Amino acid sequence: LTAKEYSLLEYFGTNPGRVCSRTMIIEHVWDPSFEGLTNIVDVYVRHLREKVDDAFPMKLIRTVRGMGYCLSDEVET
């Protein structure tokens with residue numbers, strides 16, 4: 001993992017089951033004054049998924065539509 005991917009995974013890991021908005025993620029993983037691309041979180045979540053989720057049947061990083069992302073080990077129904 002890159003340093004940013006690791007920081008993102010660490011943030012998810014310290015907030016298991018909690019939905020983290022893109023704003024929350026930017027404030028905790030990027031510099032608080034970061035004003036870059038609006039989809040930067042989506043890009044890094046995709047990179048992280050490629051490395052920790054795609055090869056496995058049970059996905060840990062969940063998208064909560066309209067809200068953000070969360071780390072969960074619960075099986076989706």
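Solvent-accessible area per residue in the chain equals 67 Å², computed with a 1.4 angstrom probe and all protein chains kept. Here the chain exposes an accessible surface that is 55 percent carbon and sulfur, computed with a 1.4 Å probe and the other protein chains kept in place.
Label separation (ASP53 vs ASN39): 1.6 nm, computed from points 7 Å beyond Cα along the C-beta direction.
The values are calculated or read from the model by the stated rules, or taken from the named source; none is laboratory data. Predicted model only: the values in this text are computed from it and were never measured. All Cβ positions, even for glycine, are placed from backbone atoms using ideal geometry, and neighbour counts span all protein chains on display. Note: areas computed on protein heavy atoms with side chains; ligands, DNA, RNA excluded. Shrake-Rupley method; radii C 1.70, N 1.55, O 1.52, S 1.80 Å.
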